[in-house]
Amino acid sequence: MFLDKVDIYIKAGNGGNGAVSFLREKYVAAGGPNGGDGGRGGSVIFMVDEGINTLLSFKHRRKYIAESGDNGMQKKFHGKNGSDLIIKVPLGTVIRDKETGKIIKDMSEKEPFIALKGGKGGWGNMHFATPTRQVPLFAKSGITGSEWNITLELKMIADVGLVGFPNVGKSTLLSYVSSARPKIADYHFTTLSPNLGVVSVYDSTFVMADIPGLIEGASEGAGLGHDFLRHIDRCRLILHIVDISGSEGRNPVEDFRMINAELTNYSPELGKRPQIIAANKSDLGYDEAVIKELSEFGEVFLISGAIGEGIDKLLMHITAKLKELPPVTIYESEQPSDEHDNNRADRQTEIIVEDNIYYITGDWLKKVAGSVNFDDRESLQYFQRVLRKSGVIDLLEQRGIQEGDTVNIYDMKFDFER
């Protein structure tokens, strides 16, 4: 089975919480705070695996969650960092934001890609000791790992894409010029998935892809074309194969026009991609008038994939043509690099006023509030400084809050004081 598009959910590991602890050892006076920091959460990392060419491994698993960091411990022991989650994908996989469709990363190079960074671990209370605050009863919570719903879309990387109606001999040609062994039979839609082959011409090599399923209406979902047209996107050169013998009663010129119309409907840029016409099955006979008519669209090479006639000349021309063309397309990211980084300092904060109560929400704020000991004066002062430095107090004042008004942060209520 071939799978080239799938939606998955990914989440980075949460950072561990900092510990509140104090040194209590015999003969050690005023040991002080010794709560350790929480461990960092694991990141979600994508890596290319050249040994796979389909997204089939994602068929039965759609959620990928990295390991969270452990909480800090006493005696200044640091919590264990969470393990990174490595997700292996085929070369040429495009990662998109499921909601917006924007490209996050094109995995067309072999460098790993960190999609989500693990949440930072929280500080233990040993960091909050000062000459005037010798007994800090609070610590920082770890930052929650980011999450993302994404789409993985495989766009195969090939120099030359074979297109044409079913049963015109694409698979036969690929098997003749490379070591690829696609299924070959005398009926339509024998090939149900793209096949890749490496072609060697003297000291040059290039990758050729057999793209199946193109018929009239392919760009609108007819046949298998809607699933596989995306794999032609990256091809630098299109080798358009027609059955010049008309062995199935079809007109080669009309077939050529029809397939090109589908390419253009799918992508106007794809319709302008350089093409070479291979008139296959020439050993079965052909009409010179048809050759002349096809020549109006470009250079025509008479070949026979079955007996190897004319193929050497065709391959030499393809090799020369590829040297003139730009490299394979690599898509640029359309997503801000830090948009899903929960470790950022700039947090989204929302304030809603109902019945003179100021409700403040924000994922980051919920985490900070959870680390505050509201029975401890110094912990409350620390929380107030966080609110002021992050701009929350300014936002409240812009909304017209007055001294004594009630503030509600995730059901924790207190009176506002300047």
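The values are calculated or read from the model by the stated rules, or taken from the named source; none is laboratory data. Everything quoted here is computed from the prediction, not taken from an experiment. Heads up, the Cβs are rebuilt from the backbone with ideal geometry, glycines too, and the neighbour counts pull from every protein chain shown.
Listed values, structure above:
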read-out	value
Test for residue 259: is it surrounded by 18 or more Cβ atoms within 10 Å (Cβ to Cβ), at pLDDT below 90 and under 30 Å from residue 93 (Cβ atoms)	yes
Test set (1) at pLDDT 90 or above; (2) over 30 Å from residue 138 (Cβ atoms); (3) out of contact with any Lys or Arg (no Cβ under 7 Å at 6 or more places or on another chain) - residue 59 fails condition number	(1)
Criterion: touching a His at 6+ places or on another chain (Cβ under 6 Å), under 20 Å from residue 17 (Cβ atoms) and in contact (Cβ under 8 Å) with a residue 12 or more places away in the chain - qualifying residue of 83, 146	146
Those residues of region 381-394 which are buried (at least 16 other Cβ atoms within 10 Å of the Cβ) and under 36 Å from the mean Cα position of the chain (by Cα), in sequence order	386, 387, 390, 392
Pair list, Cβ under 6 Å, 6 or more apart: region 229-257 residue outside the structural domain of residue 172 (by TED's automatic domain parsing), other residue at pLDDT 90 or above and β-branched (Val, Ile, Thr)	none
Residues being surrounded by fewer than 19 Cβ atoms within 10 Å (Cβ to Cβ) and basic (Lys, Arg) - total across region 227-256	1
From the options 80, 88, residue that is in contact with an Asp or Glu (Cβ under 6 Å, 6 or more places away or on another chain) and under 20 Å from residue 331 (Cα atoms)	88
In region 301-327, the residues that are in a helix (DSSP H, G or I), within 13 Å of residue 279 (Cα to Cα) and among the β-branched types (Val, Ile, Thr)	311
Neighbours by Cβ (under 8 Å, 6+ apart or cross-chain): first from region 297-319, in contact (Cβ under 8 Å) with a residue 40 or more places away in the chain and assigned by TED's automatic domain parsing to the domain that holds residue 254; second part of a helix (DSSP H, G or I) and among the hydroxyl-bearing types (Ser, Thr, Tyr)	302/282; 303/282; 305/172; 305/176; 306/172; 308/176; 311/176
Criterion (β-branched (Val, Ile, Thr), modelled with pLDDT under 75 and over 13 Å from residue 143 (Cα atoms)) met by exactly one of 328, 372, 353	372
Odd one out for residue 333, checked against (1) small (Gly, Ala, Ser); (2) without any contact (Cβ under 8 Å) to a residue 40 or more places away in the chain; (3) more than 15 Å from residue 163 (Cβ to Cβ)	(2)
Number of the condition not met by residue 386 [criteria: (1) more than 30 Å from residue 148 (Cβ to Cβ); (2) not in a loop (DSSP other than H, G, I, E, B)]	(1)
Selected residue (criterion: farthest from residue 128 (Cα to Cα)) from residues of region 352-374 that are of a type in the set (D, E, K, R) and in contact (Cβ under 8 Å) with a residue 60 or more places away in the chain	363
Filter result for residue 38 (under 22 Å from residue 113 (Cα atoms) and assigned by TED's automatic domain parsing to the domain that holds residue 133)	no
Residue ID - modelled with the highest pLDDT, chosen from residues in region 139-153 that are among the aliphatic types (A, V, I, L, M) and not in a strand (DSSP E or B)	143
Candidates 295, 337, 304, filtered to the one that is surrounded by 15 or more Cβ atoms within 10 Å (Cβ to Cβ), modelled with pLDDT under 95 and out of contact with any strand residue (DSSP E or B) (no Cβ under 6 Å at 6 or more places or on another chain)	304
Restricting region 262-292 to residues that are among the hydrophobic types (A, V, I, L, M, F, W, C) and within 24 Å of residue 172 (Cα to Cα), the residue that is modelled with the lowest pLDDT	263
Some residue of region 48-64 being touching a Pro at 6+ places or on another chain (Cβ under 7 Å) and among the hydroxyl-bearing types (Ser, Thr, Tyr)	yes
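Okay, residues lined up against (1) under 21 Å from residue 45 (Cβ atoms); (2) in contact with a Lys or Arg (Cβ under 7 Å, 6 or more places away or on another chain); (3) in the same structural domain as residue 48 (by TED's automatic domain parsing):
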{"position": "75", "(1), (2), (3)": "no, no, yes"}
{"position": "80", "(1), (2), (3)": "yes, no, yes"}
{"position": "101", "(1), (2), (3)": "no, no, yes"}
{"position": "104", "(1), (2), (3)": "yes, yes, yes"}
{"position": "107", "(1), (2), (3)": "yes, no, yes"}
{"position": "113", "(1), (2), (3)": "yes, yes, yes"}
{"position": "118", "(1), (2), (3)": "yes, yes, yes"}
{"position": "123", "(1), (2), (3)": "no, yes, yes"}
